[in-house]
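Read through the structure below, which is laid out as structure tokens, and then see the notes.
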Amino acid sequence: MSAMDLLLWSRGPGLAIAVSIFAFGVVLRLFEIYSLGRKADLAKPRVNTKACAGATVWRRMLPDMHILRRSPITYVAGYLFHFGLFVVVFLYAPHIKLIESTLGLSWPALPSALVDLVAVLTLISLVVVLVNRITDPVKRLLSGFEDYLTWAVTLLPVLTGYMAYHHLMFPYQTMLALHILSVELLLVIFPFTKLMHAITLFISRWYNGDIAARKGVQS
Amino acid sequence: MSASFERGMAAFREVMDSPIASFFSSCVHCGLCAEACLFYTETGDPKYTPIHKLDPLKRVWQQEYTLLGRLGALVGLSKPVTEKELEQWSELVYDSCTLCGRCSMVCPVGNDIAYMVRKMREGMSAAGVAPEGMIGATQRAVTLGSPMGVKLPALQAQIRAQEAETGLSIPMDVQGADYMVLLSSMEVMNFPEYIGALGKIFRQAGVSWTLSSKAFEATNSGIQIGASDIAAELVQRIVDAAEGLGVKTVISPECGHAFTAIRWEGPNLIGRPYRFEVKHILEVLEELRQAGRLRTQGCDERPLTFHDPCQIARRGGVIEQPRNLLKSVASDFREMEEHGAMNWCCGGGGGVSANDRAEELRLVAFKRKKGQVEALGVDTLVTACANCRIILEEGLEHYNMDVEVVGLTELVAEHLIEDDK
């Protein structure tokens, strides 16, 4: 298989398979959550909870300042890599072109040199969260194979993208194929690992906000 | 595998719902919940990380309620929960969690961890791994009507003493009264002056109220140990008494979990809404104050602060009322840095105070409250929960701190205008 074949496969059948598994997995996981159901609360609520539950979904984007002071690395590195992932995925010109060609949606890109810098920061912060996970007693206790797998699978697309952009290690076509394959790996494991939090956190924050709001507390 | 272990596992399956599945799906193992938990911050032991306390429940969810988990279990890749593990987790679920819910306020993905610990206790209790002290309290609540074994004659004796002290008569079983007042055993035995204080306040405000000889105990060991059938029975006693007397409102006493039991869990436990309202005593007092029916004079000039009982503030929504009441009778009220919905627990809620084996850990965890009080330089600590009050007094004594603990209702009663005697 030549580099070109690999690239063609990753762009064609590979992508189709990955997106299908991703879509099936996400729908399945949402079904697994919602099919369990929830008993109606018969206690008279203090307030209409919908607005408060919605507010909790947004409020949890921000840290509690006391907890931030107690655990700054978790927050700073955590924000950095999430923000970095957003920038490199959605504000890099070739990615926007890809989205435009498939979905017809388009928006302005950041200069590639800036995205390049953000990619480096993202990689650095990912290394920091890994070291923190290994050295911090609480995180180490909570961590298992899945945590290291999802870390690696999150890192790979950024790393291969960076290497492709800078023509490092392999010829461009090979590196680009590896980049696309790494994204496909991410899509495939996403629904079945904690990466799924990117979707389910909206559900859990909503429940949290709803439970608290019934009692008159904005959580 | 024992029959009780099977019952425990069945109870885990019984409590599994969409919120729990979404919470476990969302957890990224960031460990920030640990920083919100006084059992972790005061010991530094990672095993007290709140989400870790749920590990057996999480594995049941993962292995039985997700496709990947079920596949893993089929090919023998998963580690099933064992009876021994539940025994090990008993300390984490009962001794090192007061259901204070602070972790639920800070989790970035929004997990309500306290909600899950409450649910997990249903399985732990069914599996027979709940602590002895809590089992005893629960048995006394069912057979004697009170976790501390306080029966009606004991209450009647305390009422007579309070009547002699205040010169008022304390109403009992008054048909059609507006308010039915509940008490906690802790109040009856240790702080009976609460009853006298209520008598004085309600007399001035012209409130029609009563106690019930059939149901005066508000505390509910069932929701602490995690036995919903028992919890429902204890709530039903109150509901029968209140609906029998035809009262409009039942008043939950200065007790945290009693409010959670009767106000928030009660209707769900008995399977229907009530035909009366439930309010916390602080809500009632603040309503009376705002209506001009609770008139006070003079101010306590001591520097003092307010300790929010978790189930009344963070898990109950009664946050502003105690502050308004306190400011009306105290001139040097100082707020702790983290207060209200983000208060720190006294360390003895959620059944921990009834759990003897947890005492040593509880006193270590108290260092958090100690630090908060010391930072303010106050010599008086006001609160509104008899259980917090006992725990605070024990903690302060243990650390040789000269701080007085006062109940808010009594403090208000001391400042009543007594012109219309």
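The values are calculated or read from the model by the stated rules, or taken from the named source; none is laboratory data. Just so it is clear, the model here is predicted, and its values are computed rather than measured. Every residue, glycine as well, gets a Cβ built from its backbone with ideal geometry; the counts of neighbours run over all protein chains shown. With ligands, DNA and RNA removed, areas are computed over all heavy atoms of the protein, side chains included. Shrake-Rupley method; radii C 1.70, N 1.55, O 1.52, S 1.80 Å.
Observations on the structure shown:
- Within the option set A:A55, A:A77, being among the small types (G, A, S), within 16 Å of the chain's Cα centre (by Cα) and within 20 Å of B:A36 (Cβ to Cβ) holds for one residue only, A:A77.
- Residue-level analysis places B:S169 outside the set of residues that are in contact with a helix residue (DSSP H, G or I) (Cβ under 8 Å, 6 or more places away or on another chain), of a type in the set (S, T, N, Q) and assigned to a helix (DSSP H, G or I).
- Comparison of A:F83, A:F22 shows that the only residue that is among the aromatic types (F, W, Y), surrounded by 12 or more Cβ atoms within 10 Å (Cβ to Cβ) and touching a Pro at 6+ places or on another chain (Cβ under 8 Å) is A:F22.
- Criterion violated by B:G317 - all others in (1) of a type outside the set (D, E, K, R); (2) under 16 Å from B:W344 (Cβ atoms); (3) within 14 Å of another protein chain (Cβ to nearest Cβ) satisfied: (2)
- Residue ID - farthest from the other protein chains (Cβ to nearest Cβ), chosen from residues in the range A:5-19 that are over 17 Å from the mean Cα position of the chain (by Cα) and crowded, with 18+ Cβ neighbours inside 10 Å: A:L7
- Options B:G101, B:G167, B:G149: the member that is closer than 30 Å to B:F276 by Cα, of a type outside the set (S, T, N, Q) and without any contact (Cβ under 8 Å) to a residue 40 or more places away in the chain: B:G149
- Residues that are assigned to a loop (DSSP other than H, G, I, E, B) and out of contact with any Gly (no Cβ under 7 Å at 6 or more places or on another chain) were ranked within the range B:396-417; the one that is nearest to B:N324 (Cα to Cα) is B:I417.
- Residues being buried (at least 17 other Cβ atoms within 10 Å of the Cβ) and within 14 Å of chain A (Cβ to nearest Cβ) - total across the range B:341-381: 6
- All positions within the range A:45-59 that are in a loop (DSSP other than H, G, I, E, B) and either within 12 Å of chain B (Cβ to nearest Cβ) or in contact with a Phe, Trp or Tyr (Cβ under 7 Å, 6 or more places away or on another chain) (or both): A:P45, A:R46, A:V47
- Candidates in the range A:120-139 are the residues that are within 13 Å of another protein chain (Cβ to nearest Cβ) and of a type in the set (V, I, T); of these, the one that is surrounded by the most Cβ atoms within 10 Å (Cβ to Cβ) is A:V138.
- The combined condition, being modelled with pLDDT under 95 and within 30 Å of B:V235 (Cα to Cα), is fulfilled by A:T49.
- Odd one out for A:I67, checked against (1) touching a residue at least 40 places away in the same chain (Cβ under 8 Å); (2) in contact with a Leu (Cβ under 7 Å, 6 or more places away or on another chain): (1)
- Taken over the range B:199-232, residues that are under 20 Å from B:E187 (Cα atoms) and among the acidic types (D, E) amount to 1.
- Matching residues, the range B:224-259, being closer than 15 Å to B:T98 by Cα, within 14 Å of another protein chain (Cβ to nearest Cβ) and open to solvent by 10 Å² or more (accessible area, probe 1.4 Å): B:H257
- Single unsatisfied condition, B:P303 versus (1) in contact (Cβ under 8 Å) with a residue 12 or more places away in the chain; (2) surrounded by 20 or more Cβ atoms within 10 Å (Cβ to Cβ): (2)
Matching residues to (1) aromatic (F, W, Y); (2) under 24 Å from the mean Cα position of the chain (by Cα); (3) in the same structural domain as B:K367 (by TED's automatic domain parsing):
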{"site": "B:F12", "(1), (2), (3)": "yes, yes, no"}
{"site": "B:V15", "(1), (2), (3)": "no, yes, no"}
{"site": "B:F24", "(1), (2), (3)": "yes, no, no"}
{"site": "B:V28", "(1), (2), (3)": "no, no, no"}
{"site": "B:A36", "(1), (2), (3)": "no, yes, no"}
{"site": "B:Y40", "(1), (2), (3)": "yes, yes, no"}
{"site": "B:D45", "(1), (2), (3)": "no, no, no"}
{"site": "B:P50", "(1), (2), (3)": "no, yes, no"}
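- Any chance B:A215 is aliphatic (A, V, I, L, M) and not in a loop (DSSP other than H, G, I, E, B): no
- B:L294 meets all of the listed conditions (1) within 14 Å of another protein chain (Cβ to nearest Cβ); (2) surrounded by 20 or more Cβ atoms within 10 Å (Cβ to Cβ); (3) part of a loop (DSSP other than H, G, I, E, B) but one, namely (1).
- All positions within the range A:25-36 that are more than 27 Å from B:A232 (Cα to Cα), without any contact (Cβ under 8 Å) to a residue 60 or more places away in the chain and more than 7 Å from chain B (Cβ to nearest Cβ): A:V27, A:F31
- Top-ranked residue in the range B:320-335 [being touching a helix residue (DSSP H, G or I) at 6+ places or on another chain (Cβ under 7 Å) and farther than 27 Å from B:A261 by Cα; ranked as farthest from the other protein chains (Cβ to nearest Cβ)]: B:V329
- Residue selected from the range A:140-166 under the condition hydroxyl-bearing (S, T, Y) and open to solvent by 40 Å² or more (accessible area, probe 1.4 Å), by the criterion nearest to the other protein chains (Cβ to nearest Cβ): A:Y148
- Only one of the listed residues (B:E64, B:E91, B:E87, B:E83) is closer than 22 Å to A:K139 by Cβ, at pLDDT 95 or above and assigned by TED's automatic domain parsing to the domain that holds B:R13. That residue is B:E91.
- Of the residues making up the range A:191-208, those that are touching a residue at least 60 places away in the same chain (Cβ under 8 Å) and either away from chain B (no Cβ under 12 Å) or among the polar types (S, T, N, Q) (or both) are A:T200, A:N208.
- Considering residues of the range B:25-60 that are under 17 Å from A:L201 (Cα atoms), part of a helix (DSSP H, G or I) and free of Cβ contacts under 8 Å to residues at least 60 places away in the same chain only, the residue farthest from the other protein chains (Cβ to nearest Cβ): B:K58
- Annotation: of all residues in the range B:127-169 being small (G, A, S) and open to solvent by 40 Å² or more (accessible area, probe 1.4 Å), the one that is nearest to B:E87 (Cα to Cα) is B:G128.
- Residue within the range A:37-44 that is in a helix (DSSP H, G or I), open to solvent by 20 Å² or more (accessible area, probe 1.4 Å), at the interface with chain B (Cβ under 9 Å from one of its Cβ atoms) and in contact with a helix residue (DSSP H, G or I) (Cβ under 9 Å, 6 or more places away or on another chain) present: no
- Residue in the range B:195-206 that is closer than 20 Å to B:R389 by Cβ, open to solvent by 10 Å² or more (accessible area, probe 1.4 Å) and touching a residue at least 40 places away in the same chain (Cβ under 8 Å) present: yes
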